[in-house]
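Undergrad: First the structure, then my questions, so here it is.
Derivation of every value follows stated rules applied to the coordinates shown; laboratory data play no part. Just so you know, these numbers come straight off a predicted model, no measurement behind them. Counting neighbours? That spans all protein chains shown, and the Cβs are built from the backbone with ideal geometry, glycine included.
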Amino acid sequence: MAALQPVRGTHDLLGEDARRHAHIVATFKSVAYRYGFQDISTPIFEFSEVFHRTLGETSDVVSKETYTFTDRGGESLTLRPEMTAGIARAFISGGLAKDLPLKLCGHGPMFRYERPQKGRMRQFHQVDVEVLGVPEPQADIEVLALGADFLAELGLAERVELHLNTLGDAESRSAYRQALIDYFSGFKDRLSEDSVKRLDRNPMRILDSKDAGDREIVAGAPRMHDYMNEISRDFFARVRAGLDALGIAYTIDERLVRGLDYYSHTAWEFVTTDLGAQGTVLGGGRYDGLIALMGGPQTAGIGFAAGIERLAMMIDTPPLPARAIAVVPIGPAAEVPALAIAHRLRKAGFTVEQGYRGNVGKRLERAAKAGARVALMLGDDELAAGTVKCRDLDTREESAVALDALETALAAYR
């Protein structure tokens, strides 16, 4: 029988991979908490309608990438491909309108059936923030600042660039949508198959096409900024002024779009050249029409998500926590007392390793390999004297330490 393997597009988190993952999540939470965000965790699967309605039946995510299945009760369920729709559903089903404004942060696994490639998996992980109930541009500025601070604390400030655009309000967007339909209709025989499908339903998505022929046509397409009304212009100006005041640099990217109608105003991506073609490491936008589309009350929303796997490819492996203290019993009589010492030190805040078998030499060898700094050896003589033998594994210096003074003697190794 062949050895079992992980499913294609999934991976195990162990060792340095696990440490980088944990470091990214811890850094994200630390920054989000400083901004006053609170935790939210939604189920990893929802009724399929949650995603099909919000992402669009014709979107690539829904039509090609979602893991959708029918359960034993005949319900159509989908593993979440992103977090925003589930959080919007939780807002509606939990009756949270009375608690607005809400500032929520979360993280966890997402699922998309796509071709695995560098930094892109079928089961991947994201961190996510959402602000609900704040239509003012101050929310856009705050969420953008949070994203910038998060990347800076990961040491990536100099390796990413903020691309910023506005999608305008509903009126501006409608005018622009019609202008795009009029323009692209003249090139219908030259557009890619996907872009022809998007022409009537989702013409803004054509602007984001990767097809070389489409890109040539897109180069002459109408500009969103020419169709913005005064309200939209003022909103975007206030966002830019806020970023300028905070010293957050950005580049206006008029081809940065969000294809669905519930998106409005600010859209952005932090991009890098370090990961090849898949350069976006954090992206977000305002979605004031989403919750109403899902059947809830009209509620402003804005947020971002960042892929943990992509970020992990860009950061150094964080150092291990405090080096361990190894407790090494010598002889059967010392086994139980050694367990008690290890337990006592762990309760006092020390990191403690304890070998499970082998002679003293083997246990010391394993302790050194595990990166322990100190070995506490306990044999018959030490039991009789009420002491342990303390060996610094770096300097090889040894000393006898009274059992009742252990915490004080080991304070430097905490």
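Undergrad: Rounded to a whole number of µm²/s, how large is the Stokes-Einstein D of region 1-50 at 10 °C and 1.306 mPa s, given Rh as the Kirkwood radius over C-alpha pairs?
TA: 109 µm²/s
Undergrad: Just to confirm my numbers, what's the Cα centroid distance between region 236-286 and region 136-197 in Å?
TA: 7 Å
Undergrad: Could you pull out the pairs from Lys29/Lys347; Lys29/Lys103; Lys188/Lys210; Lys64/Lys197 whose alpha carbons sit more than 19 Å apart here?
TA: Lys29/Lys347
Undergrad: Taking H as built 1.01 Å from N, whose amide H comes closer than 5 Å to the amide H of Val374, not counting residues under 5 places away?
TA: Long-range HN contacts for Val374: Ala326, Leu393.
Undergrad: Under the definition of Cα pairs under 8 Å and six or more residues apart, what whole-number percent is the relative contact order of region 75-160?
TA: About 25 percent, as a whole number.
Undergrad: For a footprinting-style exposure proxy, rank Asp189, Asp128 by other Cβ within 10 Å, fewest first.
TA: Ascending number of Cβ neighbours within 10 Å: Asp189, Asp128.
Undergrad: Here's something else I'd like to know. If packing is taken as the average count of other Cβ atoms within 10 Å, what order do 263-272, 317-326 fall into, highest mean first?
TA: Ranked by mean Cβ neighbours within 10 Å, highest first: 263-272, 317-326.
Undergrad: Would you grab the residues whose amide H sits under 5 Å from the one on Val352? Only those 5+ places off in sequence or on another chain, please, with H modelled 1.01 Å from N.
TA: Amide H neighbours of Val352: Ile325.
Undergrad: Then there's this: Treat the count of other C-beta atoms within 10 Å as a stand-in for reagent exposure and order Glu16, Glu82, Glu158 from fewest to most.
TA: Fewest to most other Cβ atoms nearby, the residues stand as Glu158, Glu16, Glu82.
Undergrad: Cut-off is 10 Å between beta-carbons; in what order do Ile206, Ile92 appear when sorted fewest neighbours first?
TA: Ile92, Ile206
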